[in-house]
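**Student:** Below: one structure in structure tokens.
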Amino acid sequence: MPSATASSPYEVKATCLSLQCMVLSFQYLSSFSYCHHLSLSLSLLYSSLSLSHTGRSLTFNNMALWLTSTRRCGGNLMKKIISSHPLPLFPNYQTTFASSSSSPTHSINGKKTSSFQYSFLGTRHYKSMHAAGEQILTQEDDNDDSTFGKTKNMDLPGGKIAYTTDMKFLPGSSEERVKCYRVLDEDGYPISSNLLEYMSKELALRVYSGMVTLNTMDKFFYEAQRQGRLSFYLTSFGEEAINLASAAALSFDDIVLAQYREPGVLLWRGFTMQEFANQCFGNNIGHGKGRQMPIHYGSKKLNYITISSPLATQLPQAVGMAYSLKMDKKDACVVAFFGDGTTSEGDFHAALNFAAVMDAPVVFICRNNGWAISTQVTEQFRSDGVVVKGQAYGIPSIRVDGNDALAVYNVVRSARETAINEQRPILIEAMTYRVSHHSTSDDSTKYRSKDVIEYWKTVHSPITRLRNWVERKGWWSDKEESELRAQTMKQVKHAIDEAEKEEMPLLRDMFTDVYDDLPSNLMEQETLVRETIQRHPKDFPKDMPL
Amino acid sequence: MERDVRVCVMGEDVGHYGGSYKVTKGLAEKYGDLRVLDTPIAENSFTGMGIGAAMTGLRPIIEGMNMGFLLLAFNQISNNCGMLHYTSGGQFKIPVVIRGPGGVGRQLGAEHSQRLESYFQSIPGIQMVACSTPYNAKGLMKAAIRSDNPVILFEHVLLYNLKERIPDEEYVLNLEEAEMVRPGEHVTILTYSRMRYHVMQAAKTLVNKGYDPEVIDIRSLKPFDLYTIGNSIKKTHRVLIVEECMRTGGIGASLTAAITENFHDYLDAPIMCLSSQDVPTPYAGTLEEWTVVQPPQIVAAVEQLCR
């Protein structure tokens, strides 16, 4: 509604505006069909008259908006009134309506009648319409393709937006939380009748063995840390399904950027137990050349980017990699893993936004395991988990039961296809529970009860669930289970022993790979270190290979 | 926190967990969840939040779980924390304390072994202090909280387990003062944080060899306490700087420049600076030990200086 401020400069302005309006209205009227020009003329007329007669001021902007808004309801109203009622309101218009081609100029006669009080704007005129016993119409009545309803959207730089007179705030969260997709129930019974949702025997057994191997590996490495053989370790208990099932759904060309609780992906792709152990012990033959902490694996050959400790740093990088894949038009996507805590980091939001804007083929997989060290998800965010955040950035998202290997497999496979075929990002939120402590530097019983951990470890174990399903299918048995576990145990123990025996990295490796070649300042610093060791051999570690 | 209700703590896992190094242990139980605030994982955001809170009257203490993560907050610290008092014409003051464990630990990997004092030293508007003993940790922390300027307090990951008898009564140390650890005659050794212990270890060896080093813990990294340092140089005429920062652009580099500018005439020998190499801190224990300056190197340097 035009604002009503009557001060003298405005009145002058108003008069000028009204004159301009009149000119405009003439021009308009001459070029449109009667339906249009009627509503428009009425609105223009109203505005010009209101300016001159009531002294209200209107800025041109307001006017423009006002005009376009009135056209819709004005058009509606007029149409209905004309078609269904006699017109007591506008006796002088009846004649102009009947003859479509007659010039409407005589309708603009500057006469302020009570008819102009029935402005075709907003709610104010509804009251007067009521009073006059008129049928009151709402915006939604304009369903048909009439010319009166053409202006229901506002054309803004971001696209068309429809109007509403209903002032309603979008709620912070919907009453019902986003549902979680699953295929098997807790005991491994299928709950879907769609046969396409299940894996073949070979794949299922491979996924299952991978999960058991990961679990065993974690157990032994964790023990090794407790015994003092390793300085640090981080387990993935409870999240084995996310690790292996997602890896199974990807191709080896898909680049993986993990956070730190996804070694299962590497395991699937062929990283050997020995290689895991070498990296953890930081010895000479490990991939990282002893430069990074344990569990910070990386393998260019297997398309698994070296893990970096700070959270969310891998997410914008994922978008960049997808961008390069897009340029190369490869049949591959990028998969970025992260936890619930990471979604608070600025990099997460920037990455999702960029991925959406650039149509980057990234599959973002969030392991919502409920905890970020001691911070629960309720203290991390107030939204309905992570899945709703995708929508805010224009990214299709889905919530899946992270402890159901089959569900995770289906979702990741579908997401990957969409990401590559449609060249757009996808967000997957895999719901699970962090059975493990955050790492060996944490004792989570300090902030959560042992019973809760035990419950999730046993009742919702992803390994048990898949095992029940494959056993019922007749593909697995206790004998094979014990064989697998014994074999894996032996492998892990052997790998740990071997890795421990290996030599530590050479002194030279402290300075190599900082740049592509050794610059002079580093060469100087290396010489300095060697000289110092030579002069004081007793003061430095003996097992240091030079 | 007891003395001033406006003092509050914010950071990741500082509340009921007590902090990753237990610095804020017991505070949440005593002062409540709002004064000891557990934030989501967004360093730039909670640093910004702390700055905003400070501008409207609170006195927050912002904790970075590891100093290295505060690199994410660099924008807030440099562009806002350091600048707003100046750009607002003195209208808004930002009495924050930004603290956290930094330095090279025991095999924490490159990303958890950052020496942020070298990156932050250039920011105008902030003060930087480094504590090294329980006594000066308490004093400097109190001084930092009471200061109306933004102060970055650098703690060291390996120094949290130190035990020392400290006075019962309240004491506040001066933020711009250096500490005379061991007076001497032959050479001035300037150091801070963990390197102080390596220097003291070397000092024992040096004393046995007949040298008399003067050891100063500079504590104030920005601005330098050139008064104490200057007096020492005028006495000994030889300077050795021992730091954990990297060679390029570290505190040692700035200190060398400052001393040369001001006390060049008093020096009998060029300033020697022992620092870490310009490499990311490796994880392997043996390699990591090599990146940090060790006592034998300090002894050798002093011997060379005093020749």
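The values are calculated or read from the model by the stated rules, or taken from the named source; none is laboratory data. The shown structure was predicted, so the numbers you read here are calculated from the model rather than taken from an experiment. Here the Cβ is made from the backbone with ideal geometry for all residues, glycine too, and neighbour counts use every protein chain on show.
**Student:** Count, please, the residues in the range A:331-389 that happen to be charged (D, E, K, R), over 23 Å from residue B:14 (Cα atoms) and out of contact with any strand residue (DSSP E or B) (no Cβ under 8 Å at 6 or more places or on another chain).
**Tutor:** 3
**Student:** Moving to a separate point now. Can you name the condition, by its number, that residue B:255 falls short on among (1) in contact (Cβ under 8 Å) with a residue 60 or more places away in the chain; (2) part of a helix (DSSP H, G or I); (3) within 14 Å of chain A (Cβ to nearest Cβ)?
**Tutor:** (3)
**Student:** Also, I was wondering about something else. Any residue that is in a helix (DSSP H, G or I) and of a type in the set (Phe, Trp, Tyr) - is there at least one of those in the range A:176-193?
**Tutor:** Taking every residue of the range A:176-193 in turn, none turns out to be in a helix (DSSP H, G or I) and of a type in the set (Phe, Trp, Tyr).
**Student:** I would also like to ask the following. Being surrounded by 16 or more Cβ atoms within 10 Å (Cβ to Cβ) and more than 14 Å from chain A (Cβ to nearest Cβ) is the filter here, so list the residues in the range B:268-307 that pass it.
**Tutor:** Those that are surrounded by 16 or more Cβ atoms within 10 Å (Cβ to Cβ) and more than 14 Å from chain A (Cβ to nearest Cβ): B:271, B:305, B:306.
**Student:** I need the full set of residues from the range A:326-342 which are hydrophobic (A, V, I, L, M, F, W, C) and surrounded by fewer than 24 Cβ atoms within 10 Å (Cβ to Cβ), in order please.
**Tutor:** A:327, A:332
**Student:** Considering only residues that are touching a residue at least 24 places away in the same chain (Cβ under 8 Å) and part of a loop (DSSP other than H, G, I, E, B), look in the range B:24-39 and name the one that is nearest to residue A:310 (Cα to Cα).
**Tutor:** In this case the residue turns out to be B:39.
**Student:** Mind checking whether some residue in the range A:477-496 is assigned to a loop (DSSP other than H, G, I, E, B), touching a residue at least 12 places away in the same chain (Cβ under 8 Å) and either surrounded by 15 or more Cβ atoms within 10 Å (Cβ to Cβ) or charged (D, E, K, R) (or both)?
**Tutor:** no
**Student:** While we're on this one: Identify, from the list B:172, B:215, B:181, the residue that is in a strand (DSSP E or B) and farther than 18 Å from residue B:273 by Cβ.
**Tutor:** Going through B:172, B:215, B:181 in turn, the sole match is B:181.
**Student:** Collect the residues in the range A:513-528 that are surrounded by 11 or more Cβ atoms within 10 Å (Cβ to Cβ) and either among the small types (Gly, Ala, Ser) or in contact with a Leu (Cβ under 7 Å, 6 or more places away or on another chain) (or both), keeping them in residue-number order.
**Tutor:** Answer for the range A:513-528, where residues must be surrounded by 11 or more Cβ atoms within 10 Å (Cβ to Cβ) and either among the small types (Gly, Ala, Ser) or in contact with a Leu (Cβ under 7 Å, 6 or more places away or on another chain) (or both): just A:514.
**Student:** Here's a follow-up. Looking at (1) in a loop (DSSP other than H, G, I, E, B); (2) more than 9 Å from chain A (Cβ to nearest Cβ), can you tell me which one residue B:265 breaks?
**Tutor:** (1)
**Student:** Here is a follow-up. Based on this model, can you work out whether residue A:296 counts as touching a strand residue (DSSP E or B) at 6+ places or on another chain (Cβ under 8 Å), within 14 Å of another protein chain (Cβ to nearest Cβ) and either closer than 30 Å to residue A:229 by Cα or surrounded by fewer than 24 Cβ atoms within 10 Å (Cβ to Cβ) (or both)?
**Tutor:** no
**Student:** Another question about this same structure. Within the range A:513-525, which residues are in a helix (DSSP H, G or I) and either modelled with pLDDT under 85 or within 8 Å of chain B (Cβ to nearest Cβ) (or both)?
**Tutor:** A:521, A:522, A:525
**Student:** Please find, among A:413, A:434, the residue that is crowded, with 22+ Cβ neighbours inside 10 Å and modelled with pLDDT of 95 or more.
**Tutor:** A:434
**Student:** Quick check on residue A:529: is it within 14 Å of chain B (Cβ to nearest Cβ) and part of a loop (DSSP other than H, G, I, E, B)?
**Tutor:** The answer is no for residue A:529.
**Student:** I'd like the residue in the range B:190-245 that is in contact with an Asp or Glu (Cβ under 7 Å, 6 or more places away or on another chain), of a type in the set (Gly, Ala, Ser) and closer than 18 Å to residue B:175 by Cα and, out of all such residues, is surrounded by the most Cβ atoms within 10 Å (Cβ to Cβ).
**Tutor:** By that ranking, first place goes to B:193.
**Student:** Could you check the range A:299-312 and list, in sequence order, the residues that are assigned to a loop (DSSP other than H, G, I, E, B), of a type outside the set (S, T, N, Q) and more than 7 Å from chain B (Cβ to nearest Cβ)?
**Tutor:** Residues satisfying the conditions are A:300, A:301, A:302, A:305, A:307, A:312.
**Student:** Could you please let me know if residue A:281 is surrounded by fewer than 24 Cβ atoms within 10 Å (Cβ to Cβ), farther than 30 Å from residue A:325 by Cα and touching a residue at least 60 places away in the same chain (Cβ under 8 Å)?
**Tutor:** No; evaluated as a whole, the condition is false for this residue.
**Student:** Which residue is nearest to the other protein chains (Cβ to nearest Cβ), if the candidates are limited to the range B:96-136 and must be crowded, with 24+ Cβ neighbours inside 10 Å and in a helix (DSSP H, G or I)?
**Tutor:** The selected residue is B:116.
**Student:** May I pose another question? Quick one: in the range A:458-476, which of the residues that are of a type in the set (D, E, K, R) and in contact with a helix residue (DSSP H, G or I) (Cβ under 9 Å, 6 or more places away or on another chain) is surrounded by the most Cβ atoms within 10 Å (Cβ to Cβ)?
**Tutor:** Top of the filtered list is A:465.
**Student:** Moving to a separate point now. Give all pairs with beta carbons closer than 8 Å in which a residue from the range A:417-434 that is touching a residue at least 60 places away in the same chain (Cβ under 8 Å) and more than 21 Å from residue A:329 (Cα to Cα) meets a residue that is small (Gly, Ala, Ser) and part of a strand (DSSP E or B); count only pairs at least 6 apart in sequence or on separate chains.
**Tutor:** These pairs meet every condition: A:427/A:397; A:428/A:397; A:429/A:397.
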